[in-house]
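The values are calculated or read from the model by the stated rules, or taken from the named source; none is laboratory data. Owing to the predicted nature of the structure, the values given are computational and were not obtained by experimental measurement. Note: ideal-geometry Cβ built from the backbone for every residue, glycine included; neighbour counts use all protein chains shown.
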Amino acid sequence: MLEQARTFIETMYQELQYEPQAISKRIHEIEREINERDTYSHTSEELKYGAKMAWRNSNRCIGRFFWETLHVIDARDIRTEQAFINSIEHHIKFATNDGKIKPCITIYSAEDPPTIYNNQLIRYAGYVEKGDPAEQEVTQLAHHLGWSGGYTDFDILPLIYRCPNGSMKYHEYNSNIIKEVPITHDKFPKLKSLNLKWYAVPIISNMDLKIGGITYPTAPFNGWYMVNEIAVRNFTDSYRYNLLEKVAAAFEFDTLKNNSFNKDRTLVELNDAVYQSFKNEGVSIVDHLTASKQFERFESNEHKQHRTVTGKWSWLAPSLSPTLVSNYHHGYDNTMREPNFFYKKRGTSGCPFH
């Protein structure tokens, strides 16, 4: 722990241009604290900058250009159940910001944290023949706790949590804090008949945040959506909503044979539908080409600071028209640096912020 703490403190304090003696003093304080109680506590500044560094180091995230804008809520002092629920709903409201989404993270105690069992704070339930198949396990857990969904394709799951020394419970959000976007297409009006929609803010809640040898098991965080995540992955992946054929029918494409290219046309038009729908509702979203350009700027900025950029190529190359962006054409070192976010064993895989 001391070695990891020293690496983090030296990196952070040097980036913030602290004097060498201030760095040595802080490392000495941490060493003394670890010797006394086998751990140490981050200052508020260390926690905030460490969380931003974790975003900067997130190999799967194409949106790292904005890492310095992350709003960090220090919730390490929260102890009561009601304060915890209030802080979760505050995060949702603050991040949603009436559609002008703000990147945000809420960090709870490392030593005595509440536990969140949802993969994301906002997610749709999954039933046998309805909803999101990826959420069937969490939905069953919610049912076990007494929750009853509406058995539609888009039922907002409750927050499932356990406070320290408490029992597992669920909390249904106030509906007015959840912003959803109905998906329509101005050129294909029949798409409206499918009653598609998606929630505005992806708030990841199944990852550990690790900073300088300290693990924060509960630290929900968000950026905003890249359009392909919803249109290509959530809506058309065969193990998710699997809507390719239904959407193609709504677009009145007469065949989905491979050599008709209608599968491709369906994806392009569905991306257009999702993007324009979010924009019409005033909700932040980014297209894949713009996101890739932003990532180029991030890489340039990092090189100017003499920092190498790590990444997982298969996540940085967008799932629509990947050859049109520069990061398709070169590889990345996938070394995981800390601070960073790490999936729990029970969690799913994906990008932390998009």
The number of residues in the stretch 105-131 that are among the charged types (D, E, K, R) and surrounded by 21 or more Cβ atoms within 10 Å (Cβ to Cβ) is 1
Have a look at Lys304, Lys279 and point out the one that is free of Cβ contacts under 8 Å to residues at least 40 places away in the same chain, surrounded by fewer than 15 Cβ atoms within 10 Å (Cβ to Cβ) and within 21 Å of the chain's Cα centre (by Cα).
-> Lys279
Assess whether Ile85 counts as being assigned to a helix (DSSP H, G or I), surrounded by fewer than 20 Cβ atoms within 10 Å (Cβ to Cβ), of a type in the set (Val, Ile, Thr) and touching a strand residue (DSSP E or B) at 6+ places or on another chain (Cβ under 9 Å).
-> yes
Scanning the stretch 219-238 residue by residue, those more than 17 Å from Tyr49 (Cα to Cα), crowded, with 19+ Cβ neighbours inside 10 Å and not aliphatic (A, V, I, L, M) turn out to be Trp224, Tyr225, Asn228, Glu229, Asn234, Phe235, Thr236
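Return the residues of the stretch 138-193 that are among the basic types (Lys, Arg) and part of a helix (DSSP H, G or I); say none if nothing qualifies.
The answer is Lys190, Lys192.
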So which pairs qualify, if the first residue must be in the stretch 240-259 and outside any loop (DSSP other than H, G, I, E, B), the second must be of a type in the set (Ser, Thr, Tyr), the Cβ gap must be under 8 Å, and the two must be at least 6 apart or on different chains?
-> Leu244/Thr236; Leu244/Thr266; Val247/Thr236; Val247/Thr266; Ala248/Thr266; Ala250/Ser193
When every residue in the stretch 156-188 that is closer than 22 Å to Asn234 by Cβ and free of Cβ contacts under 8 Å to residues at least 40 places away in the same chain is compared, the one surrounded by the fewest Cβ atoms within 10 Å (Cβ to Cβ) is Ser175
In the stretch 194-210, anything hydroxyl-bearing (Ser, Thr, Tyr) and either surrounded by fewer than 22 Cβ atoms within 10 Å (Cβ to Cβ) or more than 29 Å from Gln4 (Cβ to Cβ) (or both) is listed as Tyr199
Taking interchain pairs and intrachain pairs at least six residues apart, which have beta carbon atoms under 8 angstrom, with the first residue in the stretch 59-85 and under 27 Å from Lys100 (Cβ atoms) and touching a residue at least 24 places away in the same chain (Cβ under 8 Å) and the second of a type in the set (Phe, Trp, Tyr) and part of a loop (DSSP other than H, G, I, E, B)?
-> Cys61/Phe353; Gly63/Trp224; Gly63/Phe353; Arg64/Phe353
Just to be sure, is Glu111 assigned to a helix (DSSP H, G or I) and either in contact (Cβ under 8 Å) with a residue 24 or more places away in the chain or not small (Gly, Ala, Ser) (or both)?
-> no
Taking the stretch 122-137 and keeping only residues that are part of a strand (DSSP E or B) and small (Gly, Ala, Ser), one is left with Gly126, Gly131
Pick from the stretch 54-72, criterion among the hydrophobic types (A, V, I, L, M, F, W, C) and crowded, with 22+ Cβ neighbours inside 10 Å, ranking: nearest to Ile9 (Cα to Cα) | Ala54
Looking at Val325, Val309, which is the one that is closer than 30 Å to Pro182 by Cβ and buried (at least 17 other Cβ atoms within 10 Å of the Cβ)?
-> Val325
Please specify each residue of the stretch 142-155 satisfying the condition of being more than 17 Å from Ala200 (Cα to Cα) and either surrounded by fewer than 18 Cβ atoms within 10 Å (Cβ to Cβ) or within 20 Å of the chain's Cα centre (by Cα) (or both).
-> His143, His144, Leu145, Gly146, Trp147, Ser148, Gly150, Tyr151, Thr152
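Residue by residue, here is whether (1) among the basic types (Lys, Arg); (2) assigned to a helix (DSSP H, G or I); (3) farther than 30 Å from Phe295 by Cα holds:
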| position | (1), (2), (3) |
| --- | --- |
| Ala22 | no, yes, yes |
| Ile27 | no, yes, yes |
| Ile30 | no, yes, yes |
| Lys52 | yes, yes, no |
| Trp55 | no, yes, no |
| Asn59 | no, no, no |
Within the stretch 211-220, can one find any residue that is in contact with a helix residue (DSSP H, G or I) (Cβ under 6 Å, 6 or more places away or on another chain), at pLDDT 95 or above, assigned to a loop (DSSP other than H, G, I, E, B) and over 23 Å from Asn327 (Cβ atoms)?
-> yes
